[in-house]
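A short worksheet on the structure shown next.
The values are calculated or read from the model by the stated rules, or taken from the named source; none is laboratory data. Source: prediction; values computed, not measured. Reconstructed Cβ throughout: ideal geometry from the backbone, glycine too, with neighbour counts over all protein chains shown. These accessible areas exclude ligands, DNA and RNA; they are computed on the full protein's heavy atoms, side chains included. Shrake-Rupley method; radii C 1.70, N 1.55, O 1.52, S 1.80 Å.
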Amino acid sequence: MRIKKLLLKNFRNYREETFEFSDGLNVLYGRNAQGKTNCAEAVFYLCTGTSPRAKKDRQMILSGEERAFVGAEAESRFGRVSIEAEIFESSREIRVNGIRIGKNADLLGNINGVFFSPAELRLVQDGPEERRRFLNVSISQMYKSYYTALIRYNKILEQRNALLKNRDLDLVFETLPVWDAQLCRYAAEIVERRAGYVAMLSPAAAKMHAYLTDGAEELEISSDRHYPQERAEIEKKLAEEFADNYERDVRLGFTASGPHRDDLKICIGGKEARVYASQGQARTAALSVKLAEAQIFRELSGEYPVLILDDVMSELDLARRRKLLSCVDGMQTILTCTHTEKVLFGKTVNKIRIVGGKIKR
């Protein structure tokens, strides 16, 4: 998977710029607050339909403008693909190969991307929501059915939670089994896909982490809950669990169990990283997970994703910078930094200097 060209119009601090990327390492460099991260954000937006930074799409529109445009031409082993996104104040329009798509699910998988920035430390240091977000974004790119199941699960969950707040308890207990039958069907696919993904992620991340740390630390990743292996059995277990906890859920006013509450356990040297890991350990662990994610894409799809590394070099020592560059060899990488001489190490790269939202040629 390779992005050949990226066009930005009225996006963040870019009036209009066209980026041409090479197949290997592309380094966006320049002083802070010039627009390097904005470019990285645009690439990931075309991969997933979501921004790793903005909660609302309108936040990506250049101040004073009514719309923004992001477009890319890419190549995969299946051929060429073009993706265009027009972002308005309260809506957007996305086209794949010139055809407008109505669902985000139709965008996923056209350009696969893995994004890492200092903010990704949340994956290790913050609560379960961040780790579920990571799983959801990554698995959704690989399996459209997972994304569809996730959307439907969340809609039904919202309706179930609304029902739990109803004070007509006879109605609540009579209606809950109806919602649960639908909820468990989609929950079972979510659980099954996550289990398969974690089974691949755990050894891949452990191997990457051992390489980056010269074997000094051991990274372990596992699910905090264990389910049956068969989807039908997962569905049955969840149905029993929901039914057993009707009174608790009514008392709380929300659904207190299910895949929307599950978590990943990330341990370094046998200790929970969220509690005991230093800033440096958390950063290396998060980076290992992201590099492992890229390897899983390669294994499942037959080609590497576009790897986006935003400001990753600033907090790594020289040895780990060199190790990181060896890990990304062979995949298209878009890397942002302030000084190119600190990351080149003799490699041939495509250098793009950014100054005030413009490419400085």
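Amide H to amide H, which residues 5 or more places from D263 or on other chains are under 5 Å from it, using H placed in the peptide plane?
Under 5 Å from the amide H of D263: D224, R225.
Could you rank K144, K207, K55 by how accessible they are, 1.4 Å probe, largest area first?
K55, K207, K144
Quick check: residue separation of H339 and R261 times 0.36 nm, minus the Cα distance between them. What number comes out in nm?
23.9 nm
Can you list the lysines whose alpha carbon is less than 18 Å from that of K360, not counting same-chain residues fewer than 8 positions off?
Partners within reach: K5, K9, K36, K351.
For the pair V355 and F173, how long in nm is the line joining their label points, each one 7 Å along Cα→Cβ?
Reported label-point gap for V355 and F173 is 7.4 nm.
Which order do V275, V191 take when ranked by solvent-accessible area (1.4 Å probe, heavy atoms of all protein chains), largest first?
Result of the area sort, largest leading: V275, V191.
Viscosity 0.890 mPa s, temperature 25 °C: what is the translational diffusion coefficient of segment 186-294 from Stokes-Einstein with a Kirkwood Rh over Cα pairs, rounded to a whole number of µm²/s?
Answer from the Stokes-Einstein relation: 158 µm²/s.
Could you state the per residue volume, in Å³, of the convex hull enclosing the Cα atoms of segment 218-361?
Here the figure is 199 Å³ per residue.
On alpha carbon coordinates alone, what is the Rg over Rh value for the chain, Rh being the Kirkwood radius?
1.00
Run the quick spin-label model on T348 and K4: label points 7 Å from Cα toward the beta carbon, then report their separation in nm to one decimal.
The modelled label-to-label distance comes out at 2.0 nm.
What is the gain in length, in nm to one decimal, between N161 and R80 on full extension, counting 0.36 nm per residue of separation less the C-alpha to C-alpha distance?
Computed gain between N161 and R80 is 24.8 nm.
Any idea how far apart R225 and S22 come out in nm if each label point goes 7 Å out from Cα toward Cβ?
So the two model labels end up 4.8 nm from each other.
Would you rank Y304, Y211, Y276, Y45 by solvent-accessible area, highest first, keeping every protein chain in place and using a 1.4 Å probe?
The ranking, largest first, comes out as Y276, Y211, Y304, Y45.
Select from the chain the helices, each a whole stretch of DSSP H, whose alpha-carbon atoms run 24 Å or more along the helix axis and whose Kyte-Doolittle mean is at least 0.0; answer none if there are none.
Taking the DSSP H segments of the chain (at least 24 Å long, mean hydropathy at least 0.0), we get 169-212.
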